[in-house]
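Just so it is clear, none of the values below were taken in a lab; they were calculated from the coordinates. If you're wondering where the values come from, they're calculated on a predicted model, not measured in any experiment. Glycine also receives a Cβ, built like all others from the backbone with ideal geometry; neighbour counts cover every protein chain displayed.
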Amino acid sequence: MKPKILFILVMVALLALGLTGAAWAAAANGQNWMICSNMQQDTGNDWVCDENFENIQQLATNTAQTIISYQDNNGDGKNDTAIVTVEKGFPSYYNSLSLTVKNIGNIPISMSEVVIENLNPENLEIRILESPQGTINPGKRKSIGIEFRVSGAPGEANGSYSFMVYLNQIMPG
């Protein structure tokens with residue numbers, strides 16, 4: 001084979017390999033999920049639990065409210081961050097929710113990439129109910145279970161507490 005043809009073939013192969021790597025890197029560092037919907041347990045009278053997330057009970061009153069809103073942090077028109085806010089939260093207030101997300105990228109998303117940023121760590125305890133070893137394959141949806149409780153001593157004033165859920169590479173602005 002002539003050296004010139006061999007050189008051209010090698011360059012084409014390297015270019016193809018570089019483009020494939022660049023596409024993978026763009027998918028890994030860019031938007032690759034969207035939050036489609038949510039469900040929550042507290043849709044009426046409030047729920048409470050102890051500090052170990054046990055003894056979950058429903059009260060006869062409806063004081064606290066959990067509000068779930070969304071943001072598009074990378075400007076692609078798809079909601080990639082959920083903001084969960086508890087209004088009038090009181091010590092031992094409990095709620096669980098499920099966020100349905102869809103992988104709109106072309107590589108699997110590891111559950112270890114899911115970030116829960118607690119904006120009130122001194123007053124809010126949060127647990128993700130998923131294994132960090134799980135994945136969301138391209139084109140597939142998954143419900144991510146989360147539960148949380150307001151900490152503090154009984155009788156403390158009601159307050160507002162928030163946390164955000166997003167992918168590690170999609171940092172909220």
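Some points to look at:
- With 0.36 nm allotted per residue and the present C-alpha distance subtracted, the E51-Q133 stretch has 26.9 nm of extension available.
- Computed 3J(HN,Hα) for region 121-126, one whole-Hz value per residue from the Karplus formula 6.51 cos²θ - 1.76 cosθ + 1.60 where θ = phi - 60°, is x, 6, 10, 9, 9, 10, glycine and proline marked x.
- Between region 33-78 and region 101-164, the alpha-carbon center distance in angstrom: 11 Å
- Spin-label model distance (nm) - T43 vs N168, 7 Å beyond Cα toward Cβ: 3.5 nm
- Residues of region 120-142 falling in the label zone of M111, defined by backbone nitrogen less than 15 Å from a point 7 Å along Cα to beta-carbon, are 127-137, 141-142.
- The residue list I109, N38, A82 was ranked by how far each Cα lies along the charge dipole of region 32-167 toward its positive end, using unit charges on Cβ atoms, and I109 comes out on top.
- Once divided by 2.2 N^0.38 Å, the Cα radius of gyration of region 25-145 becomes 1.17.
- Bridgeable aspartates and glutamates around K102 (alpha carbons under 18 Å apart, same-chain partners fewer than 8 residues away excluded): D72, D76, D80, E113, E130.
- Karplus-derived 3J(HN,Hα) values for region 151-165, using 6.51 cos²θ - 1.76 cosθ + 1.60 with θ = phi - 60°, are 9, x, 7, x, x, 5, 5, 5, x, 10, 9, 9, 8, 10, 10 Hz; glycine and proline are entered as x.
- Where labels lie 7 Å past Cα in the beta-carbon direction, separation of Q65 and E122 in nm: 2.7 nm
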